[in-house]
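Presented below is the structure to which this report refers.
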Amino acid sequence: AQSVTQPDIHITVSEGASLELRCNYSYGATPYLFWYVQSPGQGLQLLLKYFSGDTLVQGIKGFEAEFKRSQSSFNLRKPSVHWSDAAEYFCAGRSFGNEKLTFGTGTRLTIIP
Amino acid sequence: DGGITQSPKYLFRKEGQNVTLSCEQNLNHDAMYWYRQDPGQGLRLIYYSQIVNDFQKGDIAEGYSVSREKKESFPLTVTSAQKNPTAFYLCASSITIYRGENSNQPQHFGDGTRLSIL
């Protein structure tokens, strides 16, 4: 079955430190992958997407993600986090031609001073 | 600015009552979606519509109903048959995927409606 897995439920990072949020996918062919961010009580905002080409994609707010086929991963990274990055992050994917997006269960990011 | 408007932001339901959540978009998107979000479970698809006057059940459609009479609007009714309706409901829209084309298009989300039981 097609799936997206986010192994970490909650991550705490110090402000200014680097960040990596994990996402693993299970699809027969190369999936279309997305990272979204959700602030409390808000909707989801798209950070970046991947569908082909360069395996390192740049997004908004200084985020980037790397697609690794050998590891079935699409991890989200940021070199230096800011307190405003505290939020919940969702990885999502779909297969070619599929209207539905499959979401991971999310990773909640806490930033400490 | 184009976007998706969900209303109300907070909604309370009495036992045995149907309630309708509004979702309006001005992005000129053909496809619209309703998701339910519960803590620790991510987003689960309730219904989706790829075109006006047509819609399909998602993964958790029981106890919910929708209509799609206009391109801009996709209201969700939470019926009394939904025994555990307390959740955060998100509406989204996107360009329709047709024969694989537009598979790379993301979904755009509204700010959600929080439904609680009185």
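Figures for the structure shown
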| read-out | value |
| --- | --- |
| Neighbours by Cβ (under 6 Å, 6+ apart or cross-chain): first from segment A:27-45, more than 10 Å from chain B (Cβ to nearest Cβ); second modelled with pLDDT of 95 or more and open to solvent by 30 Å² or more (accessible area, probe 1.4 Å) | A:VAL37/A:GLN45 |
| Any chance A:LEU76 is within 11 Å of chain B (Cβ to nearest Cβ) and either open to solvent by less than 40 Å² (accessible area, probe 1.4 Å) or within 20 Å of B:ALA87 (Cα to Cα) (or both) | no |
| Residue count for segment B:6-30, restricted to those that are more than 11 Å from the chain's Cα centre (by Cα) and either within 29 Å of A:ILE9 (Cα to Cα) or part of a strand (DSSP E or B) (or both) | 8 |
| Output for segment A:26-50, where each listed residue is part of a strand (DSSP E or B), surrounded by 21 or more Cβ atoms within 10 Å (Cβ to Cβ) and either out of contact with any Leu (no Cβ under 6 Å at 6 or more places or on another chain) or of a type in the set (S, T, N, Q) (or both) | A:TYR32, A:LEU33, A:PHE34, A:GLN38, A:LEU44, A:LEU47 |
| Answer residue from segment A:59-72, given it is at pLDDT below 95 and of a type in the set (Gly, Ala, Ser) and is most open to solvent (accessible area, probe 1.4 Å) among those | A:SER70 |
| Long-range neighbours under 7 Å by Cβ, at least six apart or interchain, first residue touching a residue at least 40 places away in the same chain (Cβ under 8 Å) and in a loop (DSSP other than H, G, I, E, B) within segment B:54-78, second open to solvent by less than 60 Å² (accessible area, probe 1.4 Å) and of a type in the set (Lys, Arg) | B:PHE74/B:ARG68 |
| Listing of strands (runs of 3 or more DSSP E) fully contained in segment A:61-105 that carry 3 or more residues being within 15 Å of B:LEU45 (Cβ to Cβ) | A:87-94 |
| The one condition in (1) away from chain A (no Cβ under 13 Å); (2) open to solvent by 50 Å² or more (accessible area, probe 1.4 Å); (3) part of a loop (DSSP other than H, G, I, E, B) that B:GLN41 fails to fulfil | (1) |
| Residue check, B:ARG36 open to solvent by less than 20 Å² (accessible area, probe 1.4 Å) and assigned to a loop (DSSP other than H, G, I, E, B) | no |
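The values are calculated or read from the model by the stated rules, or taken from the named source; none is laboratory data. Keep in mind that this is a model prediction, so the values were computed, not measured. When we count neighbours, we look across all protein chains shown, and the Cβ atoms used for this are built from the backbone with ideal geometry, even at glycine. Note: accessible area is taken over every heavy atom of the protein model, side chains too, but ligands, DNA and RNA are not part of it. Shrake-Rupley method; radii C 1.70, N 1.55, O 1.52, S 1.80 Å.
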